[in-house]
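The values are calculated or read from the model by the stated rules, or taken from the named source; none is laboratory data. In this text the structure is predicted, and so the values were computed from the model without any measurement. With ideal geometry, Cβ positions are generated from the backbone for all residues, glycine too; neighbour counts draw on all protein chains shown. Ligands, DNA and RNA are excluded from the accessible area calculation, which covers all protein heavy atoms including side chains. Shrake-Rupley method; radii C 1.70, N 1.55, O 1.52, S 1.80 Å.
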Amino acid sequence: MLSLSLPFIDELFLIIAIAVLGWVLTGTTAKPSQRFFSATWLELVSLLAFVALLALLWLTPIPFSLHFMLLWCLSTQLLLLGWHLVVHRYQRRVAGRHSPEQAAWLVGYASQSGTAEQLARHSTKQLQTAGKKVQMLPLNALATTPLHSFEQALFIVSTYGEGEAPDNGQHFLRHAMQQQPDLSKLKFAVLALGDRSYQHFCAFGHWLQDWLTQHRASAIQPLVPWDQGQRDNSPWQQWQQLLQKLGAGQAEQETHQSWLKVPLQSRYCINPGSQGNPCFVVKLPRQEGMHWQAGDLVEIQPEHSRCTVALWLTEHQVFGCQTVSFYQQQLPLCRALAQIELPAQGPAEHESLENWLHQQPLLPLRSYSIASIADEGQLTLLVRQVKKEHGLGLGSGWLTSYALEGQPIQLRLRTHPNFHLPDDDRPMVFICNGTGIAGIRGLLAERVKRGHTQNWLLFGERQQGVDSFFAKDLQLWQQLGFLPELDRVFSRDGSEVRYVQHQLAERMPELKLWLEQGAAIYLCGSLQGMGQAIDRLLQAELGAEQLQALQQQGRYRRDLY
Ligand SMILES: Cc1cc2nc3c(=O)[nH]c(=O)nc-3n(C[C@H](O)[C@H](O)[C@H](O)COP(=O)(O)O)c2cc1C
């Protein structure tokens, strides 16, 4: 039996001291949540193993020398210490990258089609040029990065659906509702994007403002609502004043592209005889200064029909051919009247016509997905005519009926980063219905141009005979091998009503396979019905967590209206 001599006890103490030192060092540096993954546990286990081994050695003589054991122990301890240092360093680096302690300023955004994100990027740059440490994050990222660790926060958020948060704010919304943080040290301001034609104007911005104040954060100024349906830029100027007050740098570039006047080149009905409202392909020539990417949008300034303007002029006994100054242009009064909300009352007798004109709001803007790529030399839109009780819808009436061929259309191109294609050639699944195929056609044309062949299109409409939108393009791309999977579903052709979601449900095994291969899903079309049904189906089949992960990786994108 081995007897414990004095030098051995010294060595034992040394070993235990190294192990304990290692354990204390690692144990105190790791956060409790990380401790299990740190070296702490391994240190402890190795120490226990070593003590057990010594006890065993003391009880039963085995042929290993004491020096071998000592060497084994020392090297294990040093290895573990070294490994832990690497882990610890990595943890500190990662924490540094995401740590709000690094940045006193937060620019948080929630954006569906990219406007709020673009404005957030702009504001972030302005703060950074003034030397401020800023973190720009989508609201969903704040579910893991604590808000209370920032001192000042600027939020730029839009509203989507029926007064809901955009996709990259929904997780935050759900998470925030479960929390009761103390935000008493946070100062904040909200720029809320919305559209007054929706019932819940800027609802998500207001919800955020209320939630922050309920949790004792202090508002630097009242919420700034910005109606995106109007050409009015004053909310942005108001926001800029706030940024200057907070010490930010000047805005360098324009946030929006400039307005252009482009003549209507051609227009034709794509679905004559359809049970649905007529859809028109509207083409405008590409001109200098018109740059866009597949997936982008165009904003149109609608105008009244000539008939509506003539009636108003007659009713108010005003001469329509007189020249007026209107938004830095000289033009006949009738052309200016075509662009404003025509009020029941005309100008008062002694009122200046131009003053009166400038007080009238412009007609709200309308956005459309671009169905062509710039290389095609023209900007193509697919517009369904909306029929209302007293005439046609504003934007669709203007583009599909009132504007005559050759007449200038006032437009502005708008980037839509959320619907741009990924740079790589990963498989793409495009799901759409009705005019939702417009943006998807643009994306497919771009994929063809890039030579990316793994494309799957699921498209739903009513009747194959009359509603097969862009059929020739699809057929050609199929023949050339750019559309290996094409599912077209027509709800009114067979005896049973079939929609695109039914087809997708049947093809779920293939979809899962595509997803395993890294595919991204782009969904475009009606929010009610199709959009919601596809969302429910994917949640049920893939699980909420995977769907959310896909969304966060940019592999599930939606453009629904
Ligand atoms: C499908 C859809 C639903 C919308 N719902 C609302 C709404 O309920 N309330 C509102 O104020 N604006 C609503 N909007 C307007 C958007 O908030 C507005 O267009 C905004 O500029 C979009 O900003 P983003 O590009 O950052 O997403 C909606 C827009 C779309 C396309």
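I want to confirm something. Restricting to segment 159-181 and keeping residues that are charged (D, E, K, R) and part of a helix (DSSP H, G or I), which single residue is farthest from His215 (Cα to Cα)? Quick ask: steps written out before the conclusion?
Taking segment 159-181 as the starting set, the residues that turn out to be charged (D, E, K, R) are 162, 164, 167, 174.
Subsequent filtering for residues that are part of a helix (DSSP H, G or I) retains 167, 174.
Details: Asp167: 23, Arg174: 16 Å.
Across segment 159-181, the extreme among qualifying residues is Asp167.
For segment 121-158, the set of residues classified as part of a helix (DSSP H, G or I) and either at positive phi or in contact with a helix residue (DSSP H, G or I) (Cβ under 7 Å, 6 or more places away or on another chain) (or both) consists of Ser123, Gln126, Leu139, Asn140, Leu142, Ala143, Ser149, listed by residue number.
Looking at this structure, is Leu483 crowded, with 16+ Cβ neighbours inside 10 Å, in the same structural domain as His452 (by TED's automatic domain parsing) and more than 25 Å from Asp296 (Cα to Cα)?
no
Within segment 229-244, being small (Gly, Ala, Ser) and either within 13 Å of the ligand (Cβ to nearest atom) or touching a helix residue (DSSP H, G or I) at 6+ places or on another chain (Cβ under 9 Å) (or both) holds for one residue alone: Gly229.
For segment 511-529, a residue qualifies if it is of a type outside the set (D, E, K, R) and more than 16 Å from the ligand (Cβ to nearest atom), and the qualifying residues are Leu511, Leu513, Trp514, Leu515, Gln517, Gly518, Ala519, Ala520, Ile521.
Report whether or not Gln118 is at pLDDT 90 or above, within 16 Å of the ligand (Cβ to nearest atom) and in a helix (DSSP H, G or I).
yes
Only a single criterion out of (1) open to solvent by 70 Å² or more (accessible area, probe 1.4 Å); (2) of a type in the set (Ser, Thr, Tyr); (3) at pLDDT 95 or above is not satisfied by Tyr522, namely (1). Scanning segment 168-210 for residues that are under 19 Å from Pro364 (Cβ atoms) and aliphatic (A, V, I, L, M) yields a count of 3. Checking the structure you have, find out if any residue of segment 154-165 is more than 14 Å from the ligand (Cβ to nearest atom) and surrounded by fewer than 17 Cβ atoms within 10 Å (Cβ to Cβ). For segment 154-165, residues more than 14 Å from the ligand (Cβ to nearest atom) and surrounded by fewer than 17 Cβ atoms within 10 Å (Cβ to Cβ): absent. Which members of segment 201-228 meet the condition of being more than 8 Å from the ligand (Cβ to nearest atom), of a type in the set (S, T, N, Q) and open to solvent by less than 50 Å² (accessible area, probe 1.4 Å)? Once the filter is applied, which keeps residues that are more than 8 Å from the ligand (Cβ to nearest atom), of a type in the set (S, T, N, Q) and open to solvent by less than 50 Å² (accessible area, probe 1.4 Å), segment 201-228 yields Gln209, Gln221.
Of all residues in segment 182-198, none satisfies the criterion of being more than 22 Å from the chain's Cα centre (by Cα) and within 10 Å of the ligand (Cβ to nearest atom).
Taking the numbered list (1) of a type in the set (D, E, K, R); (2) free of Cβ contacts under 8 Å to residues at least 24 places away in the same chain; (3) within 25 Å of Trp226 (Cβ to Cβ); (4) touching a helix residue (DSSP H, G or I) at 6+ places or on another chain (Cβ under 9 Å) in turn, Glu341 passes all entries but (4). Looking across segment 370-393 at every residue that is farther than 23 Å from Gln275 by Cβ and touching a strand residue (DSSP E or B) at 6+ places or on another chain (Cβ under 9 Å), the one that is surrounded by the fewest Cβ atoms within 10 Å (Cβ to Cβ) is identified as Gly377.
The set of residues in segment 300-323 that are closer than 26 Å to Asn233 by Cα and open to solvent by 50 Å² or more (accessible area, probe 1.4 Å) contains only Thr323. Residues of segment 204-220 being in contact (Cβ under 8 Å) with a residue 24 or more places away in the chain and of a type outside the set (S, T, N, Q), which ones? Those that are in contact (Cβ under 8 Å) with a residue 24 or more places away in the chain and of a type outside the set (S, T, N, Q): Phe204, Gly205, Trp207, Leu208, Trp211, Leu212, His215, Arg216, Ala217, Ala219, Ile220. Please go through segment 348-381 and give me each residue that is out of contact with any Gly (no Cβ under 9 Å at 6 or more places or on another chain), within 30 Å of Arg450 (Cα to Cα) and aliphatic (A, V, I, L, M), ordered by number. Listed by number, the residues that qualify are Ala374, Leu379, Leu381. Evaluating Ala248 against the criteria (1) part of a helix (DSSP H, G or I); (2) open to solvent by less than 70 Å² (accessible area, probe 1.4 Å) leaves one unmet condition, (1). Do we find a residue being at pLDDT 95 or above, under 23 Å from Gly229 (Cβ atoms), among the hydrophobic types (A, V, I, L, M, F, W, C) and assigned to a loop (DSSP other than H, G, I, E, B) anywhere in segment 186-199? Taking every residue of segment 186-199 in turn, none turns out to be at pLDDT 95 or above, under 23 Å from Gly229 (Cβ atoms), among the hydrophobic types (A, V, I, L, M, F, W, C) and assigned to a loop (DSSP other than H, G, I, E, B).
The single condition among (1) part of a loop (DSSP other than H, G, I, E, B); (2) under 14 Å from Gly163 (Cα atoms) that Arg231 does not satisfy is (2).
Taking (1) in a strand (DSSP E or B); (2) outside the structural domain of Tyr368 (by TED's automatic domain parsing); (3) within 30 Å of His416 (Cα to Cα) in turn, Gln330 satisfies each apart from (3).
Let's see how each residue does on (1) over 24 Å from Thr435 (Cα atoms); (2) without any contact (Cβ under 8 Å) to a residue 60 or more places away in the chain:
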| residue | (1), (2) |
| --- | --- |
| His502 | no, yes |
| Ala505 | no, yes |
| Glu516 | yes, yes |
| Ala519 | no, no |
| Gly531 | no, yes |
| Leu537 | no, yes |
| Leu547 | yes, yes |
| Asp559 | no, no |
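As for segment 324-339, it holds at least one residue that is buried (at least 18 other Cβ atoms within 10 Å of the Cβ), closer than 24 Å to Arg196 by Cβ, of a type in the set (Gly, Ala, Ser) and at pLDDT 95 or above.
Each residue in segment 394-451 was checked for being assigned to a strand (DSSP E or B), touching a Gly at 6+ places or on another chain (Cβ under 7 Å) and open to solvent by 30 Å² or more (accessible area, probe 1.4 Å), and 1 of them qualify. Where strands (runs of 3 or more DSSP E) fall wholly inside segment 457-561, the ranges with 1 or more residues that are touching a Lys or Arg at 6+ places or on another chain (Cβ under 7 Å) are 485-490, 520-525.
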